[in-house]
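Engineer: I am attaching a structure below and will ask some questions about it afterwards.
The values are calculated or read from the model by the stated rules, or taken from the named source; none is laboratory data. From a predicted model like this one, the values you see are computed outputs, not experimental measurements. Counting neighbours? That spans all protein chains shown, and the Cβs are built from the backbone with ideal geometry, glycine included. When the accessible area is computed, the model is the full protein with side chains, heavy atoms only, and any ligands, DNA or RNA have been set aside. Shrake-Rupley method; radii C 1.70, N 1.55, O 1.52, S 1.80 Å.
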Amino acid sequence: MQQLPWNDLRVLLGVSRTQSLSGAAALLGVNATTVSRRLKVLEGLAGSPLLIRGQGGKLRLTQHGLALADQAEGMERHANLAEAVLGRDKIVHGTVRLTAVPFLLNRFIIPNIHSFLAAHPALQLSLIPDNRNLSLTRREVDLAIRFGEPQEGGDAVLAQKLGSVVFAAFTAKAFHEVADVDRPWLTYDPVAAHLPQAGWTEKFAKDSGGKIAGVLMHDLEAAYHTVVHTPSRAVLPDVIGSKDKRLIRLGDQEEQHQMHRNVWLLRHRDMRGVDRIDVATTWLTKAKLFDQA
């Protein structure tokens, strides 16, 4: 029986991580023709297709491809451990696909990302702002930052608490002609009513007898921009709102600090020992990007 060549398995991992032939080629330092040829060889040995083309032309692994990629990840981990035993310094390279809701990426991750990229110049972070729960187990992403308790993947997904985000009510300093009490609350569309900040906002509006704004929110990013540019009131992360000189905090600060959401980092259990994932995980857990509550 012909053995599976490691170089061809590396190509499969490259396509899995970049979701394209050209991306895998750049990752491995070869051309796209070579990637395509090696994949055909690998599919011939496997006896079935390993890739399918999904929405937007992105390549995704079939179930057979996922199973083979899992084994290739294990081989890669062992190769990295062997490098360490030999005392060879290895430059971490590749792409890490990190997903989170847009607000967390834009306000917490991106402002602190420079030091990480400077320490790992051969590594790329693919930042995926998405409110959907992109799957770790289907290899749609490598790492996920989530609000609230993890609900996905069971034992296959490792979850680590990064901290918490405290919320408070804010309004814009501008629009002096409109008193704070006359500014409507930015409430959420029914499809987003499950979000804790939606419930907190509804309570503020009810307790204060306040009006409801004529625009409905779906996420924090929209609420943040809307409260800056309109005479309205919104519930936002305190650490972000307090630093924005265009906003002022409303109400009793101690009472509002009871509002908080935990932030978790998720990764697939099988990704332990993959150097690019390990260095990204170490940075996210040690950078203290969130309140340590």
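Engineer: Check whether at least one residue in the stretch 47-58 is within 21 Å of the chain's Cα centre (by Cα) and at pLDDT 75 or above, and report yes or no. Lay out the reasoning, then the answer.
Structural biologist: Keep residues of the stretch 47-58 that are within 21 Å of the chain's Cα centre (by Cα), which gives 54-56, 58.
Retained after the next criterion (residues that are at pLDDT 75 or above): 54, 58.
Yes.
Engineer: Do we have T62 as touching a strand residue (DSSP E or B) at 6+ places or on another chain (Cβ under 8 Å) and of a type in the set (V, I, T) here?
Structural biologist: Numbers: touching a strand residue (DSSP E or B) at 6+ places or on another chain (Cβ under 8 Å): yes; of a type in the set (V, I, T): yes.
Yes, satisfied.
Engineer: Which members of the stretch 31-68 meet the condition of being open to solvent by 40 Å² or more (accessible area, probe 1.4 Å) and in contact (Cβ under 8 Å) with a residue 12 or more places away in the chain?
Structural biologist: R38, V41, L45, P49, K58, R60, H64
Engineer: Sticking with this one: Enumerate the helices (runs of 4 or more DSSP H) found wholly within the stretch 203-284, keeping only those where 1 or more residues are within 18 Å of the chain's Cα centre (by Cα). Spell out the reasoning first.
Structural biologist: Working: elements: 220-229, 238-241, 253-256.
Answer list for the stretch 203-284: 220-229.
Engineer: Could you list all residues from the stretch 245-262 that are at pLDDT 95 or above and either buried (at least 16 other Cβ atoms within 10 Å of the Cβ) or within 22 Å of L68 (Cβ to Cβ) (or both)?
Structural biologist: L247
Engineer: Okay, next question. Out of the stretch 209-244, which residues are open to solvent by 30 Å² or more (accessible area, probe 1.4 Å) and without any contact (Cβ under 8 Å) to a residue 40 or more places away in the chain?
Structural biologist: G209, K211, I212, G214, V215, L216, A222, H225, K243
Engineer: Is it the case that some residue within the stretch 4-11 is assigned to a loop (DSSP other than H, G, I, E, B), open to solvent by 50 Å² or more (accessible area, probe 1.4 Å), at pLDDT below 80 and not basic (K, R)?
Structural biologist: Within the stretch 4-11 (the criterion being assigned to a loop (DSSP other than H, G, I, E, B), open to solvent by 50 Å² or more (accessible area, probe 1.4 Å), at pLDDT below 80 and not basic (K, R)), the answer is yes, since at least one residue qualifies.
Engineer: Kindly indicate whether K206 is open to solvent by 60 Å² or more (accessible area, probe 1.4 Å) and either touching a helix residue (DSSP H, G or I) at 6+ places or on another chain (Cβ under 9 Å) or of a type in the set (S, T, Y) (or both).
Structural biologist: no
Engineer: Here's something else I'd like to know. Assess whether I109 counts as being modelled with pLDDT under 80 and on the phi < 0 side of the Ramachandran plot.
Structural biologist: Values: modelled with pLDDT under 80: no; on the phi < 0 side of the Ramachandran plot: yes.
The answer is no for I109.
Engineer: Still on this structure, I have one more. Any residue at all in the stretch 165-179 that is out of contact with any Cys (no Cβ under 8 Å at 6 or more places or on another chain), surrounded by 15 or more Cβ atoms within 10 Å (Cβ to Cβ), modelled with pLDDT under 85 and within 24 Å of V239 (Cα to Cα)?
Structural biologist: Among the residues of the stretch 165-179, not one is out of contact with any Cys (no Cβ under 8 Å at 6 or more places or on another chain), surrounded by 15 or more Cβ atoms within 10 Å (Cβ to Cβ), modelled with pLDDT under 85 and within 24 Å of V239 (Cα to Cα), which makes the answer no.
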